[in-house]
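The values are calculated or read from the model by the stated rules, or taken from the named source; none is laboratory data. On a predicted model such as this, the values are computed, not experimentally measured, just so you know. Cβ: placed from backbone, ideal geometry, glycine included. Neighbour counts: every protein chain shown. Areas reflect the complete protein model, heavy atoms only, side chains present, ligands, DNA and RNA absent. Shrake-Rupley method; radii C 1.70, N 1.55, O 1.52, S 1.80 Å.
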Amino acid sequence: MRSEWKNYYTDLDIPESWENISYSNDELPSFMHNKFQIWIDQPDPDKLIFDTRFCVLQLDADNQTINDSWYLVTDDFDEVLKTVNQKKFEFNGCEIFDPTKSECGRFEVDPAEYYGQAYLNTLNKVY
């Protein structure tokens, strides 16, 4: 990890559960949590490498990126925390991250009605 990268996130309260997976050849420092990789750009908006300070990728079971597009891009760290801490569950062989959407993510659904007990069980889980 590059030593200057610590300055990229000293203003943030990075949770202890996040694993720093920064690699010296990467463009930015990154952390892994709950099958997400969180890239953090420097705090100065005039010096950003990407368009936003935070970029999040979703990871598979082998911690490899699921696709080449960002799961989330934002300047809001609270939005990052909400995204990577979301409760997830399995339904019909699919890992569901947003219970308000169908498995494909294109359709709005009522979680309790659509996913039933699989969703209701997540309400009592602690992450």
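Miscellaneous remarks
- Filter pass, ASN121 being at pLDDT below 85, at negative phi, part of a helix (DSSP H, G or I) and open to solvent by 70 Å² or more (accessible area, probe 1.4 Å): yes
- Enumeration of residues in the stretch 16-42 that are open to solvent by less than 60 Å² (accessible area, probe 1.4 Å), over 13 Å from the mean Cα position of the chain (by Cα) and not aliphatic (A, V, I, L, M): SER22, SER24, ASP26, PRO29, ASP41, GLN42
- Of all the residues in the stretch 74-107, those that are closer than 22 Å to ASP51 by Cβ, touching a strand residue (DSSP E or B) at 6+ places or on another chain (Cβ under 8 Å) and not acidic (Asp, Glu) number 5.
- Matching residues in the stretch 43-75 - criterion: being open to solvent by 70 Å² or more (accessible area, probe 1.4 Å), under 18 Å from TRP18 (Cα atoms) and not aliphatic (A, V, I, L, M): ASP62, GLN64, TYR71
- Subset of the stretch 62-78 (residues that are touching a residue at least 12 places away in the same chain (Cβ under 8 Å) and either within 30 Å of GLN117 (Cβ to Cβ) or in a loop (DSSP other than H, G, I, E, B) (or both)): ASN63, TRP70, TYR71, LEU72, ASP75, ASP76
- Just one of the listed residues (ASP51, ASP60, ASP46, ASP75) is within 13 Å of the chain's Cα centre (by Cα), over 15 Å from PHE31 (Cβ atoms) and not aromatic (Phe, Trp, Tyr), and it is ASP60.
- Screening the stretch 76-87 for residues that are under 16 Å from TRP18 (Cβ atoms) and of a type in the set (D, E, K, R) and picking the one that is least open to solvent (accessible area, probe 1.4 Å) gives GLU79.
- Residue under evaluation GLU90, criteria (1) under 16 Å from the mean Cα position of the chain (by Cα); (2) open to solvent by 70 Å² or more (accessible area, probe 1.4 Å); (3) modelled with pLDDT under 90, criterion not met: (1)
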